[in-house]
1. Starting from the Cα of Tyr45, step 7 Å along the direction of its Cβ; do the same at Met226; then give the gap between the two resulting points in nm.
2. Between Glu58 and Lys134, what is 0.36 nm times their sequence separation minus the Cα-Cα distance? Round to one decimal in nm.
3. Of Ala68, Ala82, Ala16, which is the most mobile in a GNM of the chain whose springs link Cα atoms less than 10 angstrom apart?
4. Let me have the relative contact order for the chain, percent, based on Cα pairs under 8 Å that are six or more residues apart.
5. Show which aspartates and glutamates lie in cross-link reach of Lys184 when reach means a straight Cα distance below 20 angstrom and same-chain residues fewer than eight apart are skipped.
6. Quick query: amide H of Gln25 versus all other amide H atoms, modeled in the peptide plane; which residues come in under 5 Å with a sequence gap of 5 or more or a different chain?
7. Within the set of other residues whose C-beta is less than 10 Å from the C-beta of Pro107, count the net charge using Lys and Arg as +1 and Asp and Glu as -1.
8. What 222 nm value per residue comes from the helices of the chain, counting each DSSP H run with n ≥ 4 as -39,500 (n - 2.57) and dividing by all residues, nearest 500 deg cm²/dmol?
Amino acid sequence: MKITILGTGGVGRSFAEKLTSLDHQVMMGTRNVQDTLHKNTTDSYGNPPFSEWHKANESVPIEPFAKAVQFGKIIINALQGAKVLPVFESCNSDDLNGKIIIDISNPLDFSKGFPPSLIDGLNNTNSLGEELQKLLPGSKVVKTLNTMYNGIMINPNMINNGNHTNYICGNDTNAKETVVSILKDFGWKKENILDLGDITNARGTESTLLIWTRIYGATNNGAFNMNIVK
Ligand SMILES: NC(=O)c1ccc[n+]([C@@H]2O[C@H](COP(=O)([O-])OP(=O)(O)OC[C@H]3O[C@@H](n4cnc5c(N)ncnc54)[C@H](OP(=O)(O)O)[C@@H]3O)[C@@H](O)[C@H]2O)c1
């Protein structure tokens, strides 16, 4: 399947590698192709420069955001939270109509340092997932995988034999089923994918970042996830 990934950070790269290995056709979206291809410094998370990653993944084309969304039947939103709505606003909504948007993003505000807070207006009684769905009513936003480190998203067996919880929410049942089939290809077991219901449930999953970042701060290890036990 043709899949567009918006974002060239750790999440975008993990998805690009995994989806390519599963024989999907992948295109990545970025602000400025030449700037991104010539980046030669590590990013704020310590990831190697994009140019280095791309040398090892040359088959993945990279285009400006608005062009990249024309390519995929499915769009993966791996953008910095504060930039999600402006980037999608800058794209032609006709190019996104009818498409599934897998939303991995979190509305994190690092303006006062670590741990971050959630961006004002995108928490408690609202969420980034909902605002994205409101912005693009013709698209099917499915929020998932945003509650864990990107290495685990695409390789759940990295910890606890794959037994830990991934939430999914969104308004369109068929779209969620399509996303679940991709998650299964990543190694997720059906019993560990918890459907919370419609996109308003993104309020809950995005809010888990308040505790996720504090656990990370206390343990200095991002390779963990939460598990629902009964
Ligand atoms: N990292 C993780 O393990 C993890 C885990 C769970 C959820 N998430 C969420 O997933 C999303 C992606 O995370 P990430 O760590 O891969 O990447 P990130 O560094 O937070 O963001 C990467 C993307 O955001 C774009 N961006 C940054 N500033 C921008 C601006 N001013 N205007 C337009 N676009 C801009 C970048 O565009 P360029 O390509 O042009 O530089 C880049 O493609 C975030 O919302 C994050 O909260 C991340």
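Values quoted throughout were computed directly from the atomic coordinates according to the rules given, and no laboratory measurement underlies them. All of these numbers come straight from a predicted model, not from anything done at the bench. Heads up, the Cβs are rebuilt from the backbone with ideal geometry, glycines too, and the neighbour counts pull from every protein chain shown.
1. Placing both labels 7 Å along Cα→Cβ, they lie 1.9 nm apart.
2. 23.8 nm
3. It is Ala82.
4. Normalised by residue count, the contact order of the chain is 17 percent.
5. Hits, sequence-local ones excluded: Glu17, Asp23, Asp103, Asp172, Asp195.
6. Lys2, Ile3
7. In short, -4.
8. -10000 deg cm²/dmol
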